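Asker: I'd like to ask you about the structure that follows.
The values are calculated or read from the model by the stated rules, or taken from the named source; none is laboratory data. Remember, it's a predicted structure, so these values are computed and weren't measured experimentally. With ideal geometry, Cβ positions are generated from the backbone for all residues, glycine too; neighbour counts draw on all protein chains shown. Accessible surface areas use protein heavy atoms only, side chains included; no ligands, DNA or RNA. Shrake-Rupley method; radii C 1.70, N 1.55, O 1.52, S 1.80 Å.
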Amino acid sequence: MKAFLSVSVLCVIFCVSMTCGQRLRSIKKVNAQCSVSKKVDCGYYGINQNQCESKGCCWVPNVPSTEPWCYNPASGPSPSPSPPPSPPSPSPSGNAPFTADQMKLMQGYFEANLNVHGNGAVMASPSTQSPDYYYHWQRDGAISMSKLFDYKLPVEYQGFMESYINWVHRAQFANDPNGIDIRGEPKFYVDGKCYEKGWMRPQRDGMALRTITLLLWAKELLSENKTDYVKQNIYVMNPNMAGVQRDLERIQQVWSQNSGDPWEEINSQVFFVKFVMRRALFLGAQIATALGDTSSASSYASTAKSIEDNINSNHWDANKGLIMEIPNQRPLDSAVHLGVLYGNNGDGFYSPSSERVQSSVAVLMNTFSSNNYPDFSINKKDDELGLPGLLVGRYPNDVYNGGNTSQPSGGNPWILCSSSLAEIFYTAAKEHIEAGVPLHISDVNIEFFKLSLEHSQHVLNSTTVVELRRKLVPGQNLDRSLFQNMMRALMATGDGILTRVAHHVKPYNFHLNEQINKDTGLAQGAHDLTWSYGTVIGAMKAREDLLDTANWIA
Ligand code: NOJ
Ligand code: NOJ
């Protein structure tokens, strides 16, 4: 942060004293009006100089820190309005919601947060104050690292992965200052020390997520016959040593116990946590089998089966058609569809094409729709602009605004929740296409398909829409032509959601924060959130995979 500040100060000095280019000249002009005694806050948590100035506000990162750094002069022009909306682009399925160049930009910002100081740490965000996210969260780190596989070749991500595996090994044996098993620790300083202050503990998803990431890498290495490396550095047949067996052993011990949820707010029985543990165990069983460790393989697989039974009996609410993230306490939650993506084991169990997931996604989207959730007025405004899609938050009535939970402005749409929703639609379509026709419409999945139809009318021709509407009745099967159009609708729904996200991040040159303000649509919360980038990268990869599976869909 210090370095960043002095760079901004230097830039200001540089601009005032030199003849600068066009852009810098306009900064100088802004600065002249900026020496005022009364400042009206024009920013939001985590705003940076570029973001501030692109809103036409003054940027003076000064002390006392009680004054806003990004502000308008009190007597001067009134705060400039939100960035002008670019013309809505309803992205018919041929048009990608993000261009290749935009993806490159985001990948660059994303990689800047990885392998901090070369020690494998992943910072959640470079923001060091309001909020301070300059830590390695086990969850964010593991999820993000796995996104490298989505756009890089093995030779390109190998260095990143080697650093990350060293990080994980150190974290498995770091000293725990909080008197718990270190594998349940959520958050570390980027130098590798475990965070010692008050926090939600334990959080047991992190060890499962890092196991998944490392084992996906191991699969790739095994396909290149690098068996020894996998045995010695990743799998390591000894739970007392650093390696994935150490985490898998812990998962077997504690999977049925309570855990902090991924939003670090409730300690309970959590779908997200169990579901990613199940995948870690199945992947563990696969790799164990490949390495000839058959007894571990069957032990992991049997624990994974127990988790399935537990999920079926405790996390499905048949009346509401909802997979309950935290039964009784917070059933409806975006963590369900995030968990579905990270825990998807390719076997159909609670995968995006399964009825239960589809029904839950429909409940979530209906809950956050502009008619049912006026608190997110940005969705209504976007609807009126003709933008497709929907922005969703973590869960209804969230109060966290990206810095604290005590302001009235809490509970915004989240980029990572919305982008992953798009990924659900792409992956669902891909899975349906792989399963083949006919597609059976049931009481449970019908809402999901109806909703996709609503979200994609701009892409389908009107006769098709009428016909699909008629056929969307429980007990019907969609034949080939309707099936193909329904799959187009799923893709268009995903595209719509990403198009809405893209619309709000374009004014920031595709820098992604954690949240999008529910009323203004402006960026909010930690800037350059690694996990936000990860979800856009993941969703766009799922879109590409879908197009590879069926070229007729575009
Ligand atoms: C910080 C956590 O990371 C966030 O998820 C939570 O909502 C707030 N603390 C409030 O508990
Ligand atoms: C708050 C989120 O709720 C939590 O899931 C995340 O791990 C941290 N922020 C860091 O990004």
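Asker: For the range 122-142, give me the residue count where each residue is part of a strand (DSSP E or B), open to solvent by 10 Å² or more (accessible area, probe 1.4 Å) and either free of Cβ contacts under 8 Å to residues at least 24 places away in the same chain or farther than 17 Å from W263 by Cβ (or both).
Answerer: Of the residues in that region, 2 qualify.
Asker: For the range 385-394, what are the residues that are on the phi > 0 side of the Ramachandran plot and either open to solvent by 20 Å² or more (accessible area, probe 1.4 Å) or within 14 Å of ligand 2 (Cβ to nearest atom) (or both)?
Answerer: G386
Asker: Counting only residues that are in a loop (DSSP other than H, G, I, E, B) and surrounded by fewer than 22 Cβ atoms within 10 Å (Cβ to Cβ), which one in the range 272-320 is nearest to the chain's Cα centre (by Cα)?
Answerer: K320
Asker: Given the structure, is G402 crowded, with 24+ Cβ neighbours inside 10 Å, within 16 Å of ligand 1 (Cβ to nearest atom) and at positive phi?
Answerer: Spelling it out, G402 is indeed crowded, with 24+ Cβ neighbours inside 10 Å, within 16 Å of ligand 1 (Cβ to nearest atom) and at positive phi.
Asker: Which count do you get for residues in the range 269-301 that are within 16 Å of ligand 1 (Cβ to nearest atom) and either in the same structural domain as P396 (by TED's automatic domain parsing) or on the phi > 0 side of the Ramachandran plot (or both)?
Answerer: The number of residues fulfilling the criteria is 0.
Asker: Any residue that is modelled with pLDDT of 95 or more, part of a loop (DSSP other than H, G, I, E, B) and hydroxyl-bearing (S, T, Y) - is there at least one of those in the range 358-365?
Answerer: No, the range 358-365 contains no residue that is modelled with pLDDT of 95 or more, part of a loop (DSSP other than H, G, I, E, B) and hydroxyl-bearing (S, T, Y).
Asker: Also, quick follow-up: So, in the range 423-445, how many residues would count as being open to solvent by less than 60 Å² (accessible area, probe 1.4 Å), among the aliphatic types (A, V, I, L, M) and in contact (Cβ under 8 Å) with a residue 60 or more places away in the chain?
Answerer: 5
Asker: I've got another one for you. Which condition from (1) farther than 24 Å from I378 by Cβ; (2) open to solvent by less than 20 Å² (accessible area, probe 1.4 Å); (3) in a loop (DSSP other than H, G, I, E, B) is the one that L512 breaks?
Answerer: So the condition that L512 fails would be (1).
Asker: Okay, moving on. For the subset of the range 405-421 comprising residues that are of a type outside the set (A, V, I, L, M, F, W, C) and open to solvent by less than 30 Å² (accessible area, probe 1.4 Å), which member is farthest from G534 (Cα to Cα)?
Answerer: Only one residue tops the list, namely G410.
Asker: Need a quick list: helices (runs of 4 or more DSSP H) entirely within the range 391-471 having at least 2 residues that are under 15 Å from the mean Cα position of the chain (by Cα).
Answerer: 415-435
Asker: Against the condition within 20 Å of P97 (Cβ to Cβ) and more than 12 Å from ligand 2 (Cβ to nearest atom), how does D382 come out, does it pass?
Answerer: Here the answer is yes, as D382 does meet what is asked.
Asker: Taking the criterion of being touching a residue at least 60 places away in the same chain (Cβ under 8 Å) and surrounded by 19 or more Cβ atoms within 10 Å (Cβ to Cβ), would at least one residue in the range 188-196 satisfy it?
Answerer: Yes, because at least one residue in the range 188-196 is touching a residue at least 60 places away in the same chain (Cβ under 8 Å) and surrounded by 19 or more Cβ atoms within 10 Å (Cβ to Cβ).
Asker: Name every residue in the range 252-271 that is of a type in the set (A, V, I, L, M, F, W, C) and not in a helix (DSSP H, G or I), in order of residue number.
Answerer: W255, W263, I266, V270, listed by residue number.
Asker: For the range 522-544, which positions are surrounded by fewer than 19 Cβ atoms within 10 Å (Cβ to Cβ) and touching a helix residue (DSSP H, G or I) at 6+ places or on another chain (Cβ under 6 Å)?
Answerer: K541
Asker: Moving on. Within the range 321-334, is even one residue assigned to a helix (DSSP H, G or I), open to solvent by less than 10 Å² (accessible area, probe 1.4 Å) and within 11 Å of R356 (Cβ to Cβ)?
Answerer: no
Asker: Moving to a separate point now. Show the residue pairs that are 6+ apart or on different chains and have beta-carbon atoms under 8 Å apart, the first residue being within the range 373-395 and under 17 Å from H455 (Cα atoms) and outside the structural domain of I415 (by TED's automatic domain parsing), the second being within 16 Å of ligand 2 (Cβ to nearest atom) and part of a helix (DSSP H, G or I).
Answerer: That search, which allows pairs on different chains as well, returns nothing.
Asker: Does the range 224-241 include one or more residues that are more than 16 Å from ligand 2 (Cβ to nearest atom), basic (K, R) and more than 30 Å from Y395 (Cα to Cα)?
Answerer: The answer is yes, given that some residue of the range 224-241 is more than 16 Å from ligand 2 (Cβ to nearest atom), basic (K, R) and more than 30 Å from Y395 (Cα to Cα).
Asker: Can we say L482 is modelled with pLDDT of 95 or more and touching a strand residue (DSSP E or B) at 6+ places or on another chain (Cβ under 9 Å)?
Answerer: Here the answer is yes, as L482 does meet what is asked.
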